[in-house]
Amino acid sequence: MIPKDHYPSEAKILRVVSINVNGLRSSVTKGLLDWLEQSDADVVCIQESRITHAQWTDKFKPEGWHTHLFPAERAGYAGTAIYSRLPFLSVRDGLGFELADSQGRFICAEFDLGLEQPVHIASLYLPSGSSGEEAQIRKDQFLDEYKKILKQWRDENKSIIVCGDYNIVHKRIDIKNWSGNQKASGCLPHERAWLDHIYDELGYVDTFRVVRPEPELYSWWSNRGQARAKNVGWRIDYQACSPDWKTRTINAWVYKDQWFSDHAPVIIDYRLN
């Protein structure tokens, strides 16, 4: 990750970070907020915040940042948040269907970045199906509902960056153990086909891959079997963008110098001018 001042002085850079913190309170004790202060990030999309509004005290809201939390109805579970150096024009909680909204799985902030239209930056925490058949059924229901909304946004020509933990790898390059996970949730053929649909048919762009085509760039590692040390990972954290962001994408990283959870921050720089 390079400092933004390494770019040409006239370049106007938007740095967007996506991270599943696996509990905001835990990640803060591991230095998350200190890292944010020196990260040059403009907008940080957080998933699995696992904190209620009552628990979300000032020590979890860094000074000088605009912050918004959408917690799950169930305490200690799911939830999303957005931290931003830039002011919000508006913030919307939820996608309009119960499975998403009761668990705080989506928030979207609107910004004026001086472009032709307002820009929307969202934090998405897509369900996992790994705990069993019922969980996978719920995940598939979420995918079906969310796919309709993604199409609607394209029909509206909405400028949007949807950051988040999608709990799905896309291609062989995105997972270390491809053959051994073909029947595992997150690597199922129909899940990967869902990503094919949003990228190839709806026109969204996996902007990380625009600038980082190389293998073994993962964003999540199991806590078992020394997966992190051996880099036996999965790339399941994305910034899926409307097509206007493709040519603006100039750099991307998975940050692994510090660890705040079992996911690593995915950082992408976009040029605004």
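Throughout, read-outs are computed from the coordinates displayed, never taken from laboratory work. Keep in mind that this is a model prediction, so the values were computed, not measured. Here Cβ is always computed from backbone atoms with ideal geometry, including for glycine, and neighbour counts include all displayed protein chains.
Values for this structure:
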| read-out | value |
| --- | --- |
| Among A240, V210, Y255 - extreme Cα towards positive end, dipole of segment 198-261, charges at beta-carbon | Y255 |
| The chain - Cys residues lacking any other Cys C-beta under 4.7 Å | C108, C187, C241 |
| Dipole of segment 30-144 [Lys/Arg +1, Asp/Glu -1 at C-beta], most positive-end residue of A54, G96, S84 | A54 |
| Residue (of I175, W194, I160) at the positive-pole extreme of segment 151-197, dipole from beta-carbon charges | I175 |
| Residues F106, F111, sorted so that the one with the fewest Cβ neighbours within 10 Å comes first | F111, F106 |
| Segment 11-271, dipole about Cα centre (Lys/Arg Cβ +1, Asp/Glu Cβ -1), debye to the nearest 20 | 660 |
| Pairs from K176/K230; K147/K256; K4/K59; K30/K256; K139/K183; K158/K246 whose Cα-Cα separation, in the structure shown, is over 20 Å | K147/K256; K4/K59 |
| Amide proton proximity set for I107, modelled H, under 5 Å, gap of 5+ | G94, S123 |
| Net lengthening on full extension, R85/D144 (0.36 nm per residue, minus Cα-Cα) | 17.9 nm |
| Check: segment 1-66 dipole with +1 on Lys, Arg Cβ and -1 on Asp, Glu Cβ, in debye | 280 |
| Difference of contour (0.36 nm per residue) and Cα-Cα distance, A229 to S179 | 15.9 nm |
| Ranking of T247, T67, T80 by count of other Cβ atoms within 10 Å, fewest first | T247, T67, T80 |
| Range in the chain, longest, excluding exposed trypsin sites (Lys or Arg not before Pro) [loop by DSSP; at most 10 other beta-carbon atoms within 10 Å] | 1-182 |
